Amino acid sequence: QVQLVESGGGLVQPGGSLRLSCAASGSIFLINVMGWYRQGPGKQRELVADIDNGGSTSYTDSVKGRFTISRDNVQNTVYLQMNSLKPEDTAIYYCRLSQKGPDYWGQGTQVTVSS
């Protein structure tokens, strides 16, 4: 079993920044992918960014140049640095761990971008 605990969400003004963290614990394999997804009001859940254990990253087009995903393999923690936030970034952000076997999800953290 794996547990994922997210933190770092909140209310921020447009143009502001937030840093999300997701700490994983339990049976974590060396080869895995950790990612951030989000689900806005009335929208489907979408991939924001992911990073594999080797450090390779991918981003959805709408966040390229504004968000940066990183990870600490020793602490089994993944981060999402979000800069130049826009109202359309408002969503619940979820952490996901993919490895051999089932995927695991965190409980989600709310990010609200509003003046």
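Counting only protein heavy atoms and a 1.4 Å probe, the chain has 53 square angstrom of accessible area per residue. Extending 7 Å from Cα along the Cβ direction at residue 105 and again at residue 73 yields two label points whose distance is 2.8 nm. Just to be sure I understand: with springs between alpha-carbon atoms less than 10 Å apart, which residue in 12, 74, 63 has the highest mean-square fluctuation in the Gaussian network model of the chain? Checking each option, the largest mean-square fluctuation is seen for 74.
Can you give me the Cα centroid spacing of the stretch 4-41 and the stretch 55-115 in angstrom? Between the Cα centre of the stretch 4-41 and that of the stretch 55-115, the gap is 5 Å. Set against the 2.2 N^0.38 Å expectation for a compact globular protein, the chain has a Cα radius of gyration ratio of 1.01.
Cross-link reach is defined here as a Cα-Cα straight distance under 17 Å, omitting same-chain residues fewer than 8 places apart; for residue 86 the aspartates and glutamates meeting it are 46, 61. A Förster radius of 22 Å combined with the Cβ-Cβ distance from residue 56 to residue 28 puts the calculated FRET efficiency at roughly 0.80. With springs only between Cα atoms under 10 Å, which of 55, 65, 40 fluctuates most in a Gaussian network model of the chain? Between 55, 65, 40, it is 65 that shows the largest mean-square fluctuation.
The values are calculated or read from the model by the stated rules, or taken from the named source; none is laboratory data. Predicted model, so just to flag it, every value in this text is computed and none were measured. As a convention, Cβ positions derive from the backbone with ideal geometry for all residues, glycine included, and neighbour counts pool all protein chains shown. Accessible surface areas use protein heavy atoms only, side chains included; no ligands, DNA or RNA. Shrake-Rupley method; radii C 1.70, N 1.55, O 1.52, S 1.80 Å.
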